[in-house]
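A.B. asks: So that we are looking at the same thing, I have put the structure below in structure tokens.
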Amino acid sequence: MSKQVDSYRFTSRSTARIMKAWVKREHPRQIPWTPLSKSLDQCTVALISSAAMSLKEDEPFDQEGERQNPWWGDPSFRMIPRTATEADVRCYHLHFDPSFANQDINCIFPLRRLQEFQAQRTIGRIAPTHYSFMGYLLKPQQFLQESAPQIIAHLQEENVDVVLLVPV
């Protein structure tokens with residue numbers, strides 16, 4: 001028995017209708033996949049969250065642009081060190097309620113779980129830097145052309161083997 005996920009469950013009917021029409025316009029593409037060349041317990045792991053999180057002392061994501069145009073999303077990204085805690089970060093995203101994340105950062109940025117995996121030797125080590133971006137990017141061209149290559153370069157500099165994407 002298979003279950004079907006309703007990706008539009010928490011959106012309004014009109015938003016769901018628009019998004020479904022956009023999805024139908026997309027042409028199927030091959031999904032890039034690279035198998036691990038070593039065991040997970042030898043890998044360096046980084047997190048990437050689409051929750052628009054940043055350190056409190058960093059520049060926040062642009063919520064004013066998001067308020068003026070709810071279909072827009074800030075295409076920039078933020079770097080978060082592996083030492084970050086709930087007290088160090090804040091969510092700057094108006095498309096979901098961040099109060100649950102302020103109570104437990106692990107629901108959108110499971111850094112403590114990675115620390116547990118490292119202590120149990122399930123993973124080799126936690127990457128020094130993790131990343132967050134605003135996941136509501138209906139026009140992702142700028143993100144894909146500017147931010148994504150920069151994130152990839154940082155991941156390569158830190159010899160990251162595995163990225164755990166945490167979509168919100």
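The values are calculated or read from the model by the stated rules, or taken from the named source; none is laboratory data. Quick caveat: nothing in here was measured; it's all calculated off a predicted structure. Cβ sites come from the backbone with ideal geometry, for glycine too, and all protein chains shown count toward neighbours.
A.B. asks: Would you mention how many residues in region 105-131 are modelled with pLDDT of 95 or more and in a loop (DSSP other than H, G, I, E, B)?
C.D. replies: Counting residues in region 105-131 that are modelled with pLDDT of 95 or more and in a loop (DSSP other than H, G, I, E, B) gives 7.
A.B. asks: Still on this structure, please answer the following. So which residues in region 25-63 are surrounded by fewer than 16 Cβ atoms within 10 Å (Cβ to Cβ), hydrophobic (A, V, I, L, M, F, W, C) and over 19 Å from residue 148 (Cβ atoms)?
C.D. replies: Hits for region 25-63 are 36, 40.
A.B. asks: Across region 132-148, which residue is surrounded by the fewest Cβ atoms within 10 Å (Cβ to Cβ) among those that are without any contact (Cβ under 8 Å) to a residue 60 or more places away in the chain and within 15 Å of the chain's Cα centre (by Cα)?
C.D. replies: This residue is 144.
A.B. asks: Just to verify a result, which residue in region 64-101, among those that are outside any strand (DSSP E or B) and of a type in the set (A, V, I, L, M, F, W, C), is surrounded by the most Cβ atoms within 10 Å (Cβ to Cβ)?
C.D. replies: Let us first name the residues in region 64-101 that are outside any strand (DSSP E or B), namely 64-76, 82-88, 92-101.
Remaining after also requiring of a type in the set (A, V, I, L, M, F, W, C): 71-72, 84, 87, 94, 96, 100-101.
Working: 71: 10, 72: 16, 84: 18, 87: 9, 94: 16, 96: 17, 100: 12, 101: 22.
Out of the qualifying residues, it is 101.
A.B. asks: Restricting to region 1-59, name every residue that is within 30 Å of residue 117 (Cβ to Cβ), at pLDDT 85 or above and among the charged types (D, E, K, R).
C.D. replies: 38, 41, 56, 57, 58 - these are the residues of region 1-59 that are within 30 Å of residue 117 (Cβ to Cβ), at pLDDT 85 or above and among the charged types (D, E, K, R).
A.B. asks: If you scan region 132-161, which residues turn out to be of a type in the set (Ser, Thr, Tyr) and in a loop (DSSP other than H, G, I, E, B)?
C.D. replies: 136
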